[in-house]
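Colleague: Please find one structure pasted underneath; my questions will follow.
The values are calculated or read from the model by the stated rules, or taken from the named source; none is laboratory data. From a predicted model like this one, the values you see are computed outputs, not experimental measurements. Don't worry about glycine lacking a Cβ; one is built from the backbone with ideal geometry, like all the others, and counts go over all protein chains shown. With ligands, DNA and RNA removed, areas are computed over all heavy atoms of the protein, side chains included. Shrake-Rupley method; radii C 1.70, N 1.55, O 1.52, S 1.80 Å.
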Amino acid sequence: MAKPFYLLLLIAYMGFIGLGLPDATHGVTWPSVRDSFGLGNSGLGLIIAGGGLGYLCSSFIAGRLVAKLGVGTLLAGSSLVVTLGLAGFALAPNWLWFLAATPLIGLGSGAIDAGLNTYAAQHFSTRHMNWLHASFGIGVTASPLLVTGVLVLGWDWRWGYWLVAALLAAMTGLFFLTRHWWQRDANSATKAPSDSPWATFRHPVVVIQMPLFFVYTGLELGLGQWAFTILSESRDFTLAQAGTWTGLYWGSLAIGRFVFGWLVSYVATDSIIRLATVLAVAGISLLTLNLQASLSIFGLLLTGFACAPIFPSLVSRTHERLGPAAAGHAIGFQVSAAMLGAMTLPFLYGLLSKWVSLEAILWFCLSQGLLLLLLHEALLRVANRKTLSKPKEKT
């Protein structure tokens, strides 16, 4: 039985890498796309919002899709849809065409994100949850570095999207060829949640977790998307420097998930999340205050590192707190709230850059970090009241 388990785990890792590849690409290509189509900075928010709408449509029914199609088929199909969306960006002759391709990225990503998180929460330990999300960090680290290389070489920004699309196409082929491996695990596969969606939606833990996921994901993704523009246009970093530090922001996120994935075996998950939120506020403060360039960069990387365990650990704790019957719905709601944050808050960043300045984005990030800390403390109070004996840790 060990062999199928690790094969499925490997495919899950590949799935998270594939999910991460497109997510950070816009942050580097945006200045070039903006100039090509004669846009303002607020257009980046529209890209994120368009992807978010597609994401919401698929993530709400992700549990049913996994139960009906199986994770392997869903991986293959969603990767193909994302590949088509990236090709649409590369081929876009105008801004409307480009914008029309954004929902494909969301549709492909939403179902597999919620589906894989639900499956992993039921079958893998908190350690593996962090390492799976570290794989997502590998994807979002690689894409800005690859696209920065394209721009530094003087190639058109469209080649950046073609390069990422080629990688997703290769993954699509891999997932298609191995899709039946998940069927061999059919007896333990993720089943459709049995509890009422409305009852789960009203659960006090879920009521607090949804804004928590909203704020966290908006902060993580928003800072990653806007870091390149802030560094290159407000902090006077060169194109290569800004792209490198943006990539390393995502790299610190990936490294943090490997580190915290190991640490969670020795420290309570809730304590790790609390420490992470405190460190995130410290990192954003250093970046925002901009006392000197090295401290600002350290703050950017510290923020990425601190954000690392928050999402996967919260998902894992959801299954432990609510049980398998409600967890499928709850995780779907959380992932949907996360995407709402990912498409709403970065859009507000764009408006702030237009109405105030690029630096105003960082002050808004700092307020989000403080709110994140407060929401997690509120969650602990509610969860402890509902309390909830911790089940045996999965291995």
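Colleague: Being under 24 Å from the mean Cα position of the chain (by Cα) and modelled with pLDDT under 85: is that true of T190 here?
Modeller: Here the answer is yes, as T190 does meet what is asked.
Colleague: For region 379-395, give me each residue that is modelled with pLDDT of 50 or more and either open to solvent by less than 50 Å² (accessible area, probe 1.4 Å) or part of a helix (DSSP H, G or I) (or both).
Modeller: L379, L380, R381, V382, A383, N384, R385, K386
Colleague: With respect to the numbered conditions (1) open to solvent by less than 50 Å² (accessible area, probe 1.4 Å); (2) of a type in the set (F, W, Y); (3) outside any helix (DSSP H, G or I), which one is the sole condition not fulfilled by Y266?
Modeller: Condition not satisfied by Y266: (1).
Colleague: Looking for whichever is surrounded by 18 or more Cβ atoms within 10 Å (Cβ to Cβ), closer than 30 Å to R321 by Cα and not polar (S, T, N, Q) here; the options are A242, A280. Which one fits?
Modeller: Of the residues listed, the single one that is surrounded by 18 or more Cβ atoms within 10 Å (Cβ to Cβ), closer than 30 Å to R321 by Cα and not polar (S, T, N, Q) is A280.
Colleague: Here's something else I'd like to know. So which pairs qualify, if the first residue must be in region 274-297 and over 20 Å from P309 (Cα atoms), the second must be open to solvent by 60 Å² or more (accessible area, probe 1.4 Å) and among the polar types (S, T, N, Q), the Cβ gap must be under 9 Å, and the two must be at least 6 apart or on different chains?
Modeller: What qualifies is S296/N290.
Colleague: So, of the residues in region 39-64 that are of a type in the set (G, A, S), at pLDDT below 75 and more than 27 Å from T178 (Cα to Cα), which turns out to be least open to solvent (accessible area, probe 1.4 Å)?
Modeller: The selected residue is G45.
Colleague: If I ask for residues that are among the small types (G, A, S) and open to solvent by less than 20 Å² (accessible area, probe 1.4 Å), which ones from region 65-86 would you list?
Modeller: Once the filter is applied, which keeps residues that are among the small types (G, A, S) and open to solvent by less than 20 Å² (accessible area, probe 1.4 Å), region 65-86 yields G70, G72, A76, S78, S79, G85.
Colleague: If a residue has to be more than 15 Å from the chain's Cα centre (by Cα) and open to solvent by less than 50 Å² (accessible area, probe 1.4 Å) to count, how many in region 13-38 make the cut?
Modeller: Residues flagged as more than 15 Å from the chain's Cα centre (by Cα) and open to solvent by less than 50 Å² (accessible area, probe 1.4 Å) within region 13-38 amount to 8.
Colleague: Please go through region 5-36 and give me each residue that is hydroxyl-bearing (S, T, Y) and in contact with a helix residue (DSSP H, G or I) (Cβ under 7 Å, 6 or more places away or on another chain), ordered by number.
Modeller: Y13, T25, T29, S32
Colleague: Turning to a different aspect of this structure: Going residue by residue through region 230-239, is there one that turns out to be at pLDDT below 85 and at positive phi?
Modeller: yes
Colleague: Assuming Q209 fulfils every condition listed in (1) surrounded by fewer than 24 Cβ atoms within 10 Å (Cβ to Cβ); (2) within 27 Å of H123 (Cβ to Cβ); (3) at pLDDT 80 or above apart from one, which condition is it?
Modeller: So the condition that Q209 fails would be (1).
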